[in-house]
1. Run the simple label-point estimate for residue 162 and residue 116 please: 7 Å along Cα→C-beta, distance reported in nm.
2. Taking θ = phi - 60°, what integer Hz values does the Karplus form 6.51 cos²θ - 1.76 cosθ + 1.60 yield along segment 64-75, in sequence order, with x for Gly and Pro?
3. List the GluC sites (Glu not before Pro) within segment 77-142 that DSSP assigns to loop and that have no more than 15 neighbouring Cβ atoms inside 10 Å.
4. How far apart, in nm, are the 7 Å Cα→Cβ label points at residue 140 and residue 107?
5. Can you tell me the length gained on complete extension of the stretch residue 183 to residue 128, counting 0.36 nm per residue apart and subtracting the Cα distance?
6. Please arrange 87, 80 by how many other C-beta atoms lie within 10 Å of their C-beta, fewest to most.
7. If you plug each phi of segment 98-114 into the Karplus form 6.51 cos²θ - 1.76 cosθ + 1.60 with θ = phi - 60°, what whole-Hz ³J(HN,Hα) values come out, in order, with x for Gly and Pro?
8. Starting with the fewest neighbours, write out 178, 33, 198 ranked by other beta-carbon atoms found within 10 Å of each beta-carbon.
Amino acid sequence: MRRGIIIGLAGLLILIFALIMLRGGPGAEPGPKLADFFPLTQGSSWDYLGEGNEFAALTREVLFTQGNRAQIREDTGGTVSALIFEVTEDVVRRIYNQPEFYDRVSLLDQPANDNTIILQRPLEVGNRWGSPVEREIVATNASVETPAGRFENCIKIQLTFENSILFEYYRQGVGLVKREFIAGDDRITSTLKTYQIK
């Protein structure tokens, strides 16, 4: 009886050890961090080639950071906006959006005026969030050809509107590599041309 209990416990310990090793060992990371798909280090910048609309070309630059927040200057040629993003383990959220803001001054202490979740865990096909505009992860291994190079294993997000859809592609270590708006026969794209991650 006692020998059977000892053998049973030994078997249980072996099973637990095997499960830990299959998951990558104790304290293993559950996969890439959301921040890896939305790098917000001060001085990082992205330049996008636009097609289908005069304001599809845009540039983004991280001007200021504080804790888990960063302020981006986005220039579409038609306007310059100040955008503040907040990154946690579970979400990348835009918490501030100020169009027609041309000054290079920090707004990181401003109260939030936005609550748009850009990315959300788990990074799995079928994960959905957002209202009134729903976002859904439709691929985790998308390939995107851009002037900046070919990017594999991109997270592809679909935003569904009443009569149109928007796809966004995010690559680990790079961020947004392409945005594609489709409404009927119309297609507007912003595709990464150059980037620098500090």
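Here, each number is a calculation from the coordinates, and none is a lab measurement. Just so you know, these numbers come straight off a predicted model, no measurement behind them. Cβ atoms come from the backbone with ideal geometry, glycine included; neighbour counts cover every protein chain shown.
1. Modelled inter-label distance: 1.8 nm.
2. 9, 9, 7, x, 9, 10, 8, 9, 10, 9, 10, 10
3. Numbers: sites: 86, 89, 100, 124, 134, 136; in loops: 89, 100, 124.
When the GluC sites (Glu not before Pro) of segment 77-142 are filtered for loop state and at most 15 Cβ neighbours within 10 Å, 89, 100, 124 remain.
4. Calculated label separation equals 3.5 nm.
5. Contour length minus the Cα-Cα distance gives 17.7 nm.
6. Ascending number of Cβ neighbours within 10 Å: 80, 87.
7. Those phi angles translate into 10, x, 6, 10, 9, 7, 9, 10, 6, 10, 4, 8, 6, x, 4, 10, 8 Hz.
8. Working: 178 23, 33 14, 198 9.
Starting with the residue having the fewest Cβ neighbours, the order is 198, 33, 178.
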